Amino acid sequence: MTDPRESEITAADLQIAETAVNAALPGAEALPPDQPVEPGAPARSQWRDVWHQFRSHRGAMVALVVFVGIILFVSVGPWLWTIDPTYVDYRARNQGFTAAHPLGTDQLGRDILARMMTGGRVSIAVGLVAMSIALTLGSLIGVLSGYFRRLDAPLMRLTELFLALPLLPLLLLMVTLFREPLSQSLGPAGGIFLLIVGAIGVTSWMQTARIVRGDVLGLKEREFILAAKSIGTPAPRMILRHVLPNVISPIMVAATLGIATAIITESALSFLGLGFPPDFPTWGRLLYDAVDQMQMYPWRVILPGAFISLTVLSVNYIGDGLRDAMDPRIRGR
């Protein structure tokens, strides 16, 4: 019979020998020493690393402060400044900066500060909803095209077809055709809002689809995806549990850029007179109403134009910071 002490000595000798061999391997001295985790120390997470890297991007942090300030201005401002933006006071027409009207009044005596707050709320809401529609369509088409080979060719041809269309004339055509039916069925404000966000959303998903498709094509050849396939993981579970969480970075960056694009597109439609009705202010509508009196009252053009530019610029900088923070190749530089 074998003495159990001999087996213990043999196992201990093998462990010591394996440790010595590993220590003699080239580059073993470059391995970091073991760092035991202290009790109560916060767990390291990916999102904490992303936030730490995002904070090091000064432009993105300044843009985040500016964007949060604009959101507070358009959301909390109407609770503090309670003047009705549609109230017409002919006796106070074309006033300058006064205590009663800090940003003056327009040609009908409506308070510009109240209209700026309400218009900003509508413009940002259009950007968020249209971005959500475009992001959903683009992510769905990109994942399906990248993961299923038989769907790749038809979906990419559809994407290229939409990319080849002139978007602004297409938007003008959609607004012209469906403006009256939707306004009659859903009301002027609700119908135009649904029409504009739908038109912008269904014509802005192509870039997101191509970006997501490229990431999925590279991702589905990774070892953990192949291992999940080898154990029989169904395709829906594979996409929801393994593919989508690993392509969230380009999706979030595309979301920030999509908000800026939607705000600019809505402002362009309103500036052309095909956006919301005159009694429903947006930043683009304020620009359209102030063009005729631009030389006499230039601040009426400067104010909405400045808010549009600041919003778009801050969102673009936030997207740039998110892209740098979520890219593992440059995180930690």
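The values are calculated or read from the model by the stated rules, or taken from the named source; none is laboratory data. The structure displayed is predicted, hence computed values, not measured ones. In this analysis, Cβ positions are derived from the backbone assuming ideal geometry, glycine residues included, and neighbour counts consider all displayed protein chains. Ligands, DNA and RNA are excluded from the accessible area calculation, which covers all protein heavy atoms including side chains. Shrake-Rupley method; radii C 1.70, N 1.55, O 1.52, S 1.80 Å.
Please compute the length gained on full extension between Ile83 and Leu194, using 0.36 nm multiplied by the number of residues separating them and subtracting their Cα-Cα distance. Don't skip to the end; give the middle numbers.
Details: separation 111, 0.36 × 111 = 39.96 nm, distance 2.67 nm.
This chain segment gains 37.3 nm when fully extended.
Each of Thr233, Trp283, Ser309 was scored by the projection of its Cα onto the charge dipole of segment 225-333, and the greatest displacement toward the positive side belongs to Thr233; charges sit on the C-beta of Lys, Arg, Asp and Glu.
One Cα centroid belongs to segment 52-82, the other to segment 115-134; the line between them spans 15 Å. The ellipsoid equivalent to the alpha-carbon distribution of segment 157-282 has semi-axes of 39, 15, 13 angstrom, derived from the gyration tensor eigenvalues as √(5λ) and listed largest first. Here Val62 sits with roughly 90 square angstrom of accessible surface, probe radius 1.4 Å. These residues, Trp81, Trp283, go from largest to smallest accessible area, 1.4 Å probe, as Trp81, Trp283.
Which of the three applies to segment 52-190, rounded, prolate or oblate, going by the alpha-carbon gyration tensor with a ≥ b ≥ c and a/c under 1.5 meaning rounded? Intermediate values should be presented prior to the final figure.
Values: a/c = 3.26, a/b = 1.61, b/c = 2.02.
Oblate, because a/c is 1.5 or more while a/b does not exceed b/c.
Glu266 sits with roughly 0 Å² accessible to a 1.4 Å probe, with DNA, RNA and ligands left out of the calculation. Modelled this way, with points 7 Å down the Cα-to-C-beta line, the labels at His52 and Arg93 are 6.3 nm from one another.
If you take every residue apart from Thr105 with its C-beta less than 11 Å away from the C-beta of Thr105, what net charge results, scoring Lys and Arg +1 and Asp and Glu -1? Display every interim value, and only then the final one.
Numbers: positive: Arg91, Arg93, Arg110, Arg115, Arg300; negative: Asp89, Asp106, Asp111.
Computed value for this residue: +2.
Estimated from the Cβ-Cβ distance and a Förster radius of 56 angstrom, the FRET efficiency linking Leu72 and Arg157 is about 0.80.
From Cα pairs below 8 angstrom and at least 6 apart in sequence, can you work out the relative contact order of segment 76-191, rounded to a whole percent?
On the way: 87 pairs, mean separation 15.7, N = 116.
Contact order relative to length: 14 percent.
Rounded to 0.05, the FRET efficiency of the Glu180 and Asn246 pair, given R0 = 30 Å and the Cβ-Cβ distance, is 0.10. How many angstrom lie between the C-alpha centres of segment 167-208 and segment 217-259? Comparing the Cα centres of segment 167-208 and segment 217-259, I get a distance of 32 Å.
A Förster radius of 45 Å, combined with the Cβ-Cβ distance separating Leu217 from Met294, puts the computed FRET efficiency at roughly 0.35.
The residues neighbouring Met61, those whose beta-carbon lies less than 14 Å from its own, together hold a net charge of 0 under the Lys/Arg +1, Asp/Glu -1 convention.
Under the simplified labelling scheme, the Ala306-Leu168 pair shows an inter-label distance of 2.6 nm, with each label point 7 Å from Cα along Cα→Cβ.
Each principal axis of the Cα atoms in segment 141-183 has its own extent, and those three values, largest first, are 42, 20, 12 angstrom.
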